[in-house]
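Take a look at the structure set out below.
The values are calculated or read from the model by the stated rules, or taken from the named source; none is laboratory data. Keep in mind it's a predicted model, so treat the numbers as computed, not measured. All Cβ positions, even for glycine, are placed from backbone atoms using ideal geometry, and neighbour counts span all protein chains on display.
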Amino acid sequence: MKKIFIVDDDPVVTAMLSKILRDIGFLDISVFSDGESCLTQLDQKPDIIFLDYQMEKMNGLEVLQELRKITAKSAVVFTTALEDLSIAMQSIAQGSVEFLLKRNITKKEVQKILDEID
């Protein structure tokens, strides 16, 4: 079973995404409200990380940059409420595998992304 991290400071988003992932069949899910906490737990070797862009202290691009210094193995799905193509392009350039707009967080869309990662 794959280990999944959700990194987002919005509890509504983390609850919704956690429920969708559990409904799909993922049970090993850890939630972090900031990037720093996620980075300190990378020894858990997450297979997939859903990473928000807009967070306090470090934004998602900064977290992604630090994460890639530690590991290249985790598949990162960059999430944001902002419809900003430059952020999407930067996240892909820094090693995320997918970009997910928060308004598109549905079971169908999450399943599609997970199928692409596998």
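Check 66, 62, 36 and return the single one that is farther than 24 Å from residue 12 by Cβ and not hydrophobic (A, V, I, L, M, F, W, C).
66
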Quiz item: List, please: which pairs have Cβ atoms under 9 Å, are six or more places apart or on different chains, and start with a residue in segment 36-64 that is under 18 Å from residue 84 (Cβ atoms) and end with one that is of a type in the set (Lys, Arg) and at pLDDT below 95?
Solution: 52/102
Exercise. Report yes if residue 70 is exposed (fewer than 13 other Cβ atoms within 10 Å of the Cβ), touching a helix residue (DSSP H, G or I) at 6+ places or on another chain (Cβ under 8 Å) and among the aliphatic types (A, V, I, L, M), otherwise no.
Key: yes
Quiz item: Among the residues of segment 67-96, how many are over 22 Å from residue 17 (Cα atoms), more than 14 Å from the chain's Cα centre (by Cα) and not small (Gly, Ala, Ser)?
Solution: 6
Exercise. Give me a count of the residues in segment 25-40 that are acidic (Asp, Glu) and more than 23 Å from residue 111 (Cβ to Cβ).
Key: 2
